[in-house]
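Take a look at the following structure, please.
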Amino acid sequence: MERDNLNFGNFMNDEFYMDLALRAAWRYQALTLPNPAVGCVLLDRGGRVLDIGAHKKAGFLHAEANAVFAALCDLDANFAQDFACEYARKFGVKFQNLESLKSALLQPSFTYDFILNRHGGLLRGACAYVTLEPCAHRGKTPSCAELLAELGLSRVVIGTRDTNAQAAGGAEILRRGGIEVKFDVCHAAAAELVEPFYLARKGGFCFIKINATLNGSVHGRIGSEKQRAFVHELRSVCDYIGVGGQTVRADRPTLDVRAAKFDEISALVGRADMLTLDACVAPQNLKLRTPNVWIHSRRALSDFDASIPLFGVEERKVEVSQSLPAGAKITMIEAGASSFDEFAQFASHALIFYSAQMREAGNFRANAALQPLFISSAGDPHLEANEFYGWFKILK
Ligand SMILES: [Zn+2]
């Protein structure tokens with residue numbers, strides 16, 4: 001009884017922790033594609049929060065492993081120190097401090113092996129809240145279900161089942177490992193989180209992106225360099241960037257990925273000397289894709305001025321048509337002042353960036369009903385303090 005009181009067990013229920021995991025995952029929505037966005041909260045056996053983790057990018061650690069790794073770094077200083085030493089020896093990358101180590105995109109198989117060899121039973125009896133059933137599939141990384149079973153967790157709470165045939169079956173592995181499994185906590189919200197992933201797999205995921213001031217002006221330059229880097233990272237996971245013919249003629253955009261933060265890091269990691277980085281990544285996973293461009297227009301390609309920078313980007317296809325290109329699995333439409341309605345027929349979701357300022361000119365015009373799914377909070381790592389963004393479902 002006393003113990004329950006100490007744990008605040010009465011009001012910090014399963015839904016409370018699952019909500020933390022969901023919010024952590026939404027911060028990387030779409031950036032994880034073609035993988036799903038997933039969040040994980042890890043509690044120790046006494047109910048104390050050890051870490052709140054998320055999957056950040058396909059090819060790197062899953063949410064469960066990110067949370068486990070950060071928790072072990074906090075629980076055991078030797079674990080973190082030895083990892084940093086061995087990582088430096090193997091990959092030539094040093095970390096400035098513990099925080100940069102915990103937030104880095106680490107080489108996954110090396111990190112999983114290190115966790116399995118060095119966890120020391122520190123997470124025995126722990127509890128994990130995971131927005132999506134832990135994967136059972138051994139792909140580029142070992143399965144998360146096996147990892148959690150190996151660490152001796154006592155309970156895993158899951159938001160929604162994994163229906164992807166290749167990855168499903170994680171709950172069975174957990175149960176065989178003696179772990180209590182609870183399903184469908186915050187199920188509806190967990191299903192909304194994973195919907196873009198399923199859309200991308202099935203037919204295509206298409207969303208509209210807008211940058212606006214608080215009063216909806218899209219006139220002039222809006223958004224910080226940080227926001228721009230975020231948008232370029234989103235571009236790098238897309239097959240196509242959609243844009244209106246009018247915008248192409250008026251703005252003469254490039255629509256490339258040059259501001260994505262990974263680029264800069266990639267250039268540094270490519271050098272042989274020892275590096276000190278805020279966040280670092282394994283060089284083999286760094287090649288960023290330049291998205292193709294879909295110009296929504298009735299005109300022909302030859303009607304556009306070929307000197308507009310987007311036509312000069314290498315390894316890119318440009319298509320001009322009135323409907324989504326057939327091969328578009330992941331599409332971000334960069335909408336202008338008057339094109340939201342024109343594009344809404346193609347998109348299921350909208351991502352709206354707000355900068356906390358007002359401007360009189362150039363408000364965007366749209367008639368649409370939206371359902372908010374996630375609104376970023378102050379301190380979001382992708383943005384400056386005067387900015388926020390929301391993910392919305394476009395109601396049809
Ligand atoms: Zn996994």
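The values are calculated or read from the model by the stated rules, or taken from the named source; none is laboratory data. The model shown is predicted, which means the values in this text are computed figures rather than measured ones. Here the Cβ is made from the backbone with ideal geometry for all residues, glycine too, and neighbour counts use every protein chain on show.
Count, please, the residues in the range 40-56 that happen to be within 15 Å of the ligand (Cβ to nearest atom) and among the basic types (K, R).
1
Just name the residue that is nearest to L43 (Cα to Cα) out of those in the range 57-77 that are within 13 Å of the ligand (Cβ to nearest atom) and not in a helix (DSSP H, G or I).
For the range 57-77, the residue satisfying everything is H62.
Among the candidates L132, L153, L116, which residue alone is within 24 Å of T331 (Cβ to Cβ) and within 16 Å of the ligand (Cβ to nearest atom)?
L132
Taking K140 as the residue in question, decide whether it is modelled with pLDDT under 95, among the charged types (D, E, K, R) and within 16 Å of the ligand (Cβ to nearest atom).
So K140 passes the test.
Let me ask something else. Within the range 178-186, can one find any residue that is farther than 30 Å from L370 by Cβ, within 16 Å of the ligand (Cβ to nearest atom) and at pLDDT 95 or above?
Yes, the range 178-186 contains a residue that is farther than 30 Å from L370 by Cβ, within 16 Å of the ligand (Cβ to nearest atom) and at pLDDT 95 or above.
Here are R221, R175: which of them is closer than 22 Å to Y112 by Cβ, surrounded by fewer than 17 Cβ atoms within 10 Å (Cβ to Cβ) and more than 15 Å from the ligand (Cβ to nearest atom)?
R175
Also, quick follow-up: What do you reckon, is A84 more than 16 Å from the ligand (Cβ to nearest atom), assigned by TED's automatic domain parsing to the domain that holds L151 and out of contact with any strand residue (DSSP E or B) (no Cβ under 6 Å at 6 or more places or on another chain)?
Judged against the criteria, A84 is not a match.
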